[in-house]
1. Tell me, what are the semi-axes, in whole angstrom and largest first, of the equivalent ellipsoid of the stretch 39-292 as set by the roots of 5 times the Cα gyration tensor eigenvalues?
2. Considering the stretch 28-89, what Rg and Dmax in Å follow from its alpha-carbon atoms?
3. For the stretch 39-292, what does the relative contact order come out to in percent, with C-alpha contacts under 8 Å and a separation of six or more?
4. Which order do peptides 60-66, 113-119, 249-255, 100-106 fall in by mean Cβ count within 10 Å, highest first?
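Laboratory data are not the source of any read-out in this text; all were calculated from the coordinates shown. Note that the structure is a prediction, hence the values are computed from the model and not measured. Cβ sites come from the backbone with ideal geometry, for glycine too, and all protein chains shown count toward neighbours.
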């Protein structure tokens, strides 16, 4: 009884101080902290876009076509006279929404499926994993294009298409984590006390497997943003006049030599946000790594 009181994580419950220690280590990681600040700044700029610019992202001004950066238009205007800065801010909404909501779909599919597969084992586990392997074998972009052709062209279908492709890695990770945790002493103790497989999975296994899954989701967000940008670049992503960083690159590509700022601004934004999520993901991985605990 004393041991369990001192180390409740042995009984299958993550000790609150362990998450506190992880947060402390994360705060000490300056790159991860900088990445988090950049992400928060971009998210706030996207939310407050109507207050940060007086221009409508879709309004055309044929008297201001292809104007370079100036005090009136900080990032210039495009071939239709639209303010690039306004489109960049509103495009951040689209890109961040794709990154976040696709991961909600990924977690909703991959986490329970991986946990269900690992908990049951045997033939069911083998059957589910063979299906996962089949989905994993398809190239991501080609499968997304196929799903886009099936489901249509709305932005919500982009969320669904990217999410239906990205859940595979989370399912495999959740399964691997739970299979390794099933061999731990606290699971044997819970089972000997009469705990059902469902209770043990929901109460003990899933909470203790969340660390690596959180890290994986953090790394998957910039991949989803890049996938949306790639789809928009080839013309099957977000439909006009809704802006996204990918569509801005696609629209400005033909004018890259005469107006390089049309491509430079959204490309730089994509690079910065992907780097920020990478730094944050690295920091979370180090912070949640049990080997880093004292």
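1. 43, 19, 13
2. Computed over the Cα atoms of the stretch 28-89, radius of gyration and Dmax are 14.8, 51 Å.
3. 22 percent
4. Answer by packing, highest mean first, reads 113-119, 100-106, 249-255, 60-66.
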